[in-house]
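Below is one structure, written out as structure tokens; the observations come after it.
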Amino acid sequence: MSNYSTPERPVPTPIPNPARTLTLWEDGVQLDFTFADCMKYHGPGFPGGVAHAFAALGRALPELAARSANGRVERRDIRVRTPFAGPGARDAFELVTRAVTGDRYSVLPELARPERGNTLARYVFEVSSGEAQVTCVLLDDGIVTDEFIELTAKPDKSAAELAHLEVLKIEMRDRILERDPVRVYGLE
């Protein structure tokens with residue numbers, strides 16, 4: 001029996017762009033991951049966080065591959081540093097890169113960008129492979145709403161608020177996955 005309380009979840013909706021994949025390599029074998037793969041690993045809890053990691057990797061991996069000698073990114077060479085501590089993002093990064101179990105994933109609050117405001121400050125992902133590094137920064141395009149951030153931070157949420165938060169998570173997931181990663185995260 002689980003010790004977790006389960007909020008009422010909305011009826012599952014189709015995943016936008018279900019064929020989009022992330023591609024990496026491990027020991028000469030090409031590995032492709034879909035958003036659905038990431039959700040199976042993570043579970044239903046934080047689809048927005050999973051979508052953020054999926055989009056950040058979708059933005060970072062092609063750039064890192066372009067900077068590598070062989071045009072490939074090796075799965076176990078990837079390092080991730082972020083101020084974002086959400087479990088959905090962590091699990092997606094872990095499935096795709098194995099960075100958490102490989103001790104190459106760090107949550108560092110000092111990487112936050114408070115000058116971007118409370119809503120955008122923590123959506124920063126430094127992704128590196130070898131000497132190449134990119135920093136993915138969420139574009140300010142209504143992807144994350146103030147309402148979502150405020151409700152997430154609110155203590156003692158009512159059952160109605162918890163149910164509404166589940167809807168907001170799916171809506172954010174969809175806003176992310178409906179767009180090409182270049183329209184979700186900018187690179188620095």
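The values are calculated or read from the model by the stated rules, or taken from the named source; none is laboratory data. None of these values were measured; they are calculated from a predicted model. Ideal geometry is used to build each Cβ from the backbone, glycine not excepted, and the neighbour counts take in all protein chains shown. Just so you know, the surface numbers come from the protein's heavy atoms only, side chains and all, with ligands and any DNA or RNA stripped out. Shrake-Rupley method; radii C 1.70, N 1.55, O 1.52, S 1.80 Å.
Restricting attention to the chain, close to 85% of DSSP beta bridges with both partner residues there are antiparallel.
Computed over the chain with a Gaussian network model linking Cα atoms closer than 10 Å, the most mobile of T97, T23, T145 is T145.
Report, in deg cm²/dmol and to the nearest 500, the calculated mean residue ellipticity at 222 nm for the chain, where each DSSP H run with n ≥ 4 adds -39500 (n - 2.57) and the sum is divided by the residue count. Walk me through the numbers on the way to the answer.
Numbers: 5 runs with 67 residues, N = 188.
Taking each H run of at least 4 residues, the total per residue is -11500 deg cm²/dmol.
Seen against the Cα atoms of the chain and their longest principal axis, helix 47-67 is set at about 10 degrees. Per residue, the convex hull spanned by the Cα atoms of the chain amounts to 131 cubic angstrom. Taking 11 Å as the cut-off, the amide N atoms of the stretch 145-182 that come nearer than this to a point 7 Å along the Cα-to-beta-carbon line of R20 belong to 173-182. Note on the chain: with a GNM built from Cα contacts shorter than 10 Å, the maximum mean-square fluctuation among Y41, Y105, Y123 falls on Y41.
Can you give the FRET efficiency for E131 and K40, using 1/(1 + (r/R0)^6), R0 = 45 Å, r = Cβ-Cβ distance, to the nearest 0.05?
Working: r = 33 Å, r/R0 = 0.74.
Efficiency, rounded to the nearest 0.05: 0.85.
Taking 10 °C and 1.306 mPa s as conditions, the stretch 98-188 diffuses translationally at an estimated 106 µm²/s according to Stokes-Einstein applied to its Kirkwood radius (Cα pairs). In the full protein context, the stretch 102-188 carries 51 Å² of accessible surface per residue, based on a 1.4 Å probe and ignoring ligands, DNA and RNA.
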